[in-house]
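Have a look at the structure below, then the notes.
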Amino acid sequence: MSIAENLQKINNSLHPGVQLIAVTKTHPVERLQELYDAGHRVFGENKVQELCDKQVLLPKDIQWHLIGHLQTNKVKYIAPFIQLIHSVDSIKLLAEIDKQAERNQRVIDCLLQIYLAKEETKFGLSEEELYDLLGSDKLKSFSHIRIVGLMGMASNTEDRDQIRSEFRHLKRLFEHCKLNFPEKADWKEISMGMSSDYSIAMEEGSTMVRVGSSLFGQRKYSQ
Ligand SMILES: *Cc1c(COP(=O)(O)O)cnc(C)c1O
């Protein structure tokens, strides 16, 4: 199947109000252009360098999302154009995003990444760290970032019940934050679900799904 056909199939399977983030990592710009020509405009990359390299080569109306771990020293490269950062996991990183956003006279939307999985390798805040961050006085001084919700990745497992319970947990955290920290964020987005589990994620309340291999086929190498 072509990228355009894959896109149509995925778009047809999305629940109302769910946004598709096309995960383009490892794929060459020609294939991203194909997706663009099929009408898609929202692209996600997990590495700053690769994201910036592709951004300069592709049409300027693409909305770029960063979905992978972000180091503070790299924020400056994406601050001029990034639409949404899914992977914020510390107040220090938020402070740097705020600073770089101000330099670019922008407000940058951010999601707080929550550690859901049972795997050591994944990034993200624990529940306790999330509440500490939202309760921090420093947050008030940031005028060039806007927290718009939460992001999480489920365990890499065949156990669908496990995946579902992790997504359900994220949705519950989101509702808790919305209720207890209403003024700290514009609580509207839950970024959860990838190629293998986005239908479960949508059933559990996802508003953004990050899909790569179902669009482009398997990656030769993955991150
Ligand atoms: C690679 C990646 C995805 C997409 O994975 P697929 O299985 O190819 O759909 C989603 N989210 C993050 C954070 C990723 O790094």
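Things to note:
- Matching entry among Gly39, Gly68 (being closer than 27 Å to Lys188 by Cβ and either within 16 Å of the ligand (Cβ to nearest atom) or among the hydroxyl-bearing types (Ser, Thr, Tyr) (or both)): Gly68
- Across the range 108-137, the number of residues qualifying as touching a helix residue (DSSP H, G or I) at 6+ places or on another chain (Cβ under 6 Å) and over 28 Å from Glu158 (Cα atoms) comes to 3.
- Residue that is surrounded by the most Cβ atoms within 10 Å (Cβ to Cβ) [pool: residues in the range 196-221 that are near the ligand (Cβ under 9 Å from one of its atoms) and farther than 14 Å from Ala154 by Cα]: Leu215
- Taking the range 169-223 as the range and being of a type in the set (S, T, N, Q) and assigned to a helix (DSSP H, G or I) as the test, the residues that pass are Asn180, Ser199, Ser213, Ser214.
- Odd one out for Arg106 among (1) in contact (Cβ under 8 Å) with a residue 24 or more places away in the chain; (2) out of contact with any strand residue (DSSP E or B) (no Cβ under 7 Å at 6 or more places or on another chain); (3) within 26 Å of Gly212 (Cβ to Cβ); (4) not hydrophobic (A, V, I, L, M, F, W, C): (3)
- Once the range 173-193 is narrowed to residues that are touching a Ser or Thr at 6+ places or on another chain (Cβ under 8 Å) and of a type in the set (A, V, I, L, M, F, W, C), the residue that is nearest to the ligand (Cβ to nearest atom) is Met192.
- Looking only at residues in the range 142-168 that are open to solvent by 70 Å² or more (accessible area, probe 1.4 Å), assigned to a helix (DSSP H, G or I) and in contact (Cβ under 8 Å) with a residue 24 or more places away in the chain, the one that is nearest to Ser199 (Cα to Cα) is Arg160.
The values are calculated or read from the model by the stated rules, or taken from the named source; none is laboratory data. All figures in this text were calculated on a predicted structure; none of them were measured in a lab. Heads up, the Cβs are rebuilt from the backbone with ideal geometry, glycines too, and the neighbour counts pull from every protein chain shown. SASA here: full protein model, heavy atoms, side chains in, ligands and nucleic acids out. Shrake-Rupley method; radii C 1.70, N 1.55, O 1.52, S 1.80 Å.
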